[in-house]
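The values are calculated or read from the model by the stated rules, or taken from the named source; none is laboratory data. Remember, predicted model here, so these are calculated numbers, not experimental data. Cβ: placed from backbone, ideal geometry, glycine included. Neighbour counts: every protein chain shown.
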Amino acid sequence: MSDFWSSVREALRGTRQDFTELPIRRAVLLLAVPMILEMSMESLFVLVDIFWVSHLGPEAVAAVGLTEAMLTIIYTVAIGLSIGATATVARRIGEKDPERAARSAVQVIALGILLSIPISVAGAMFAPKLLGLMRASPEVIEQGGGYTAMMLGGNATVLLLFLGNAIFRGAGDAAIAMRVLWLANALNIVLGPCFIFGLGPFPELGVMGASVATNIGRGTGVIYLVYRLWKGGAHIRVERRHLKLELATMAAVFRLSATGMFQMLIGMTSWLALIVILSGFGTAALAGYTIAIRIIIFALLPSWGLSNAAATLVGQNLGAGKPDRAEQAVWKAGFYNMLFLGSIGLLFVLLAGPIIHSFTQDPEVVPFGVACLRTVSFGFLFYAYGMVMGQAFNGAGAVWTPTFINLFCFWLWQLPLAYALGHSFGWGPRGLFAAITIAWSTYAVISVTIFKRGRWKVKKV
């Protein structure tokens, strides 16, 4: 037990250990602890944010839900580039080539800045029209237009936060990524109610205040992130000589990242389409779904942190020429993830009612929130392995594998099933919630089956 807590303290401080040489359990622990805590803070922010917004009524909650659906484009770019960043940096670190890792990091950040500009301009200018296209009511557009404009206009903070932390995670400097996100989200959590309700000297901005707090917090996190990249971590440091565009390196990273973006686009636009289907059932159903999904994300984000640890270990061990060790790390991470998510899922199933009631007392919203939380939580055991396997493929650079699985499970399976259960079978919104659980469980089964074949072990990055 003393060895366990000693490793936890080392993980939180930051370690200079070579993750391709350590015992696998210890390597997973040193990477997973800060990554889980990093994502836990993100999940806490997601939960606190919707808690305060829910006090403004279902229209405000619906505005947040619709905006987050539109933010899928930004998250698609951010996560896609992050996949390329983590895979490339991890492989270079595994090859004991930190110089190429630093050069790749600069190219990824440059790509992120370039891609954020058109999204920012379009989002800020056309926010009300975009909400209208999402079938938002006039009340939702009036109350949430400013929130949407600011969230889309400030998308660069999202991109750079994602990319910088992906670089640190790929290098094995997970403790730095944890501190960056903790700083950003701590500011979000503190400033959120101040700007929403006008506490003290702060202006009362309503739902728009949530977006102001978010952009201030993320912007501060980006500043700290750039400082840490320049100062250097235990495994990677960006110096002046790296600050130049290398078109060949940028093109290689972009090719890998573009597939990652497509992978995320498939998954996230399926959520967008799901939101459009759900919007047809009214504001109460959409608000209940939004609250429940925020709570579910509260559980899934720490689990995503553990999955990121698997991606780093796969990339570094493949770079070091140790594919069997990479596979062992994935199975171990999947097992730990199953224990974690299985426990959380059981709590959500048993306590769905009290949990949703702590966020809203609206008698029309509560039944939908409870149904969504309980139904989706039934699949947590499957999600645990599916998340780890997907990230393992990405860490290996076998990005097309989870991309094709996403295409089948979410577009060719989830959406037709959601429409059929919701409309043809008359289940209403509950049919959509069931479709989410079925599709994600299918994703896990297919991913494990393909992972066992082992073709990802020979992928070049």
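What is the one condition in (1) over 23 Å from residue 286 (Cα atoms); (2) crowded, with 24+ Cβ neighbours inside 10 Å that residue 435 does not satisfy?
It fails just one condition, (1).
Show me the helices (runs of 4 or more DSSP H) found entirely inside the stretch 56-169 where at least 3 residues are surrounded by fewer than 24 Cβ atoms within 10 Å (Cβ to Cβ) and β-branched (Val, Ile, Thr).
The helices (runs of 4 or more DSSP H) meeting that bar are 72-94, 98-125.
Among the residues of the stretch 304-323 satisfying the criterion of being touching a residue at least 60 places away in the same chain (Cβ under 8 Å) and surrounded by fewer than 24 Cβ atoms within 10 Å (Cβ to Cβ), which is nearest to residue 47 (Cα to Cα)?
Ranking the qualifying residues of the stretch 304-323, first place goes to 304.
Filter the stretch 395-414 for residues that are among the hydrophobic types (A, V, I, L, M, F, W, C) and buried (at least 19 other Cβ atoms within 10 Å of the Cβ) and give the result.
Keep residues of the stretch 395-414 that are among the hydrophobic types (A, V, I, L, M, F, W, C), which gives 396, 398-400, 404-405, 407-413.
Listed by number, the residues that qualify are 396, 398, 399, 405, 409, 410.
I'd like to verify a number: residues in the stretch 339-370 that are polar (S, T, N, Q), part of a helix (DSSP H, G or I) and within 18 Å of residue 433 (Cβ to Cβ), how many?
Number of matching residues: 0.
Select, from 284, 299, the only residue that is in contact (Cβ under 8 Å) with a residue 24 or more places away in the chain and more than 14 Å from the chain's Cα centre (by Cα).
None of the others qualify; the one that does is 284.
I'd like the full set of residues that are of a type outside the set (D, E, K, R), crowded, with 16+ Cβ neighbours inside 10 Å, assigned to a helix (DSSP H, G or I) and over 23 Å from the mean Cα position of the chain (by Cα), limited to the stretch 419-432.
Result: 419, 421, 422, 429, 431.
Listed residues 196, 223, 189, 236; which is part of a loop (DSSP other than H, G, I, E, B), among the aliphatic types (A, V, I, L, M) and either at pLDDT below 90 or over 22 Å from residue 32 (Cα atoms) (or both)?
None of the other options fit; the residue is 236.
Residues are listed down the side, and each one gets a yes or a no for (1) touching a Ser or Thr at 6+ places or on another chain (Cβ under 8 Å); (2) more than 17 Å from residue 165 (Cβ to Cβ):
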{"position": "47", "(1), (2)": "no, yes"}
{"position": "52", "(1), (2)": "no, yes"}
{"position": "67", "(1), (2)": "yes, yes"}
{"position": "70", "(1), (2)": "yes, yes"}
{"position": "73", "(1), (2)": "no, yes"}
{"position": "78", "(1), (2)": "no, no"}
{"position": "84", "(1), (2)": "yes, no"}
{"position": "87", "(1), (2)": "no, no"}
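Among the listed residues 53, 8, identify the single one that is of a type in the set (Val, Ile, Thr), crowded, with 23+ Cβ neighbours inside 10 Å, part of a helix (DSSP H, G or I) and over 20 Å from the mean Cα position of the chain (by Cα).
Working: 8 fails: crowded, with 23+ Cβ neighbours inside 10 Å.
Testing whether each residue is of a type in the set (Val, Ile, Thr), crowded, with 23+ Cβ neighbours inside 10 Å, part of a helix (DSSP H, G or I) and over 20 Å from the mean Cα position of the chain (by Cα) leaves just 53.
Does the stretch 371-381 include one or more residues that are under 23 Å from residue 329 (Cβ atoms) and either out of contact with any Cys (no Cβ under 9 Å at 6 or more places or on another chain) or assigned to a helix (DSSP H, G or I) (or both)?
yes
Out of everything in the stretch 198-210 that is in contact (Cβ under 8 Å) with a residue 24 or more places away in the chain and aliphatic (A, V, I, L, M), what residue ends up being surrounded by the fewest Cβ atoms within 10 Å (Cβ to Cβ)? Give the derivation first.
Going residue by residue through the stretch 198-210, those that are in contact (Cβ under 8 Å) with a residue 24 or more places away in the chain are 205-208, 210.
Filter again for aliphatic (A, V, I, L, M), leaving 205, 207-208, 210.
Details: 205: 19, 207: 25, 208: 23, 210: 28.
Among residues in the stretch 198-210 that are in contact (Cβ under 8 Å) with a residue 24 or more places away in the chain and aliphatic (A, V, I, L, M), the one surrounded by the fewest Cβ atoms within 10 Å (Cβ to Cβ) is 205.
Filter the stretch 209-229 down to residues that are under 15 Å from residue 68 (Cβ atoms) and of a type in the set (A, V, I, L, M), then give me how many there are.
1
Quick check: anything in the stretch 382-391 surrounded by fewer than 24 Cβ atoms within 10 Å (Cβ to Cβ) and outside any loop (DSSP other than H, G, I, E, B)?
yes
When the residues of the stretch 324-374 are filtered to those that are closer than 17 Å to residue 51 by Cα and of a type in the set (Ser, Thr, Tyr), which remaining residue is surrounded by the fewest Cβ atoms within 10 Å (Cβ to Cβ)?
Checking each candidate, the answer is 358.
Yes or no, residue by residue, for (1) farther than 30 Å from residue 106 by Cβ; (2) touching a residue at least 12 places away in the same chain (Cβ under 8 Å); (3) under 20 Å from the mean Cα position of the chain (by Cα):
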position: 196; (1), (2), (3): yes, yes, no
position: 212; (1), (2), (3): yes, yes, no
position: 228; (1), (2), (3): no, yes, no
position: 240; (1), (2), (3): no, no, no
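Would you check which residues across the stretch 261-274 are in contact with a Gly (Cβ under 9 Å, 6 or more places away or on another chain), crowded, with 20+ Cβ neighbours inside 10 Å and either closer than 15 Å to residue 110 by Cβ or at pLDDT 85 or above (or both) and list them?
Passing the criteria: only 263.
Among what's in the stretch 25-50 and is at pLDDT 85 or above and surrounded by fewer than 22 Cβ atoms within 10 Å (Cβ to Cβ), pick the residue that is farthest from residue 388 (Cα to Cα).
26
Within the stretch 275-294, how many residues turn out to be in a helix (DSSP H, G or I) and surrounded by fewer than 24 Cβ atoms within 10 Å (Cβ to Cβ)? Spell out how you get there, then give the answer.
First, the residues of the stretch 275-294 that are in a helix (DSSP H, G or I): 275-279, 283-294.
From what is left, the residues that are surrounded by fewer than 24 Cβ atoms within 10 Å (Cβ to Cβ) are 275-277, 279, 283-284, 293.
Within the stretch 275-294, residues that are in a helix (DSSP H, G or I) and surrounded by fewer than 24 Cβ atoms within 10 Å (Cβ to Cβ) number 7.
For residue 243, are the conditions met, namely being surrounded by 22 or more Cβ atoms within 10 Å (Cβ to Cβ) and under 20 Å from residue 173 (Cβ atoms)?
On the way: surrounded by 22 or more Cβ atoms within 10 Å (Cβ to Cβ): no; under 20 Å from residue 173 (Cβ atoms): yes.
Answer is no for this residue.
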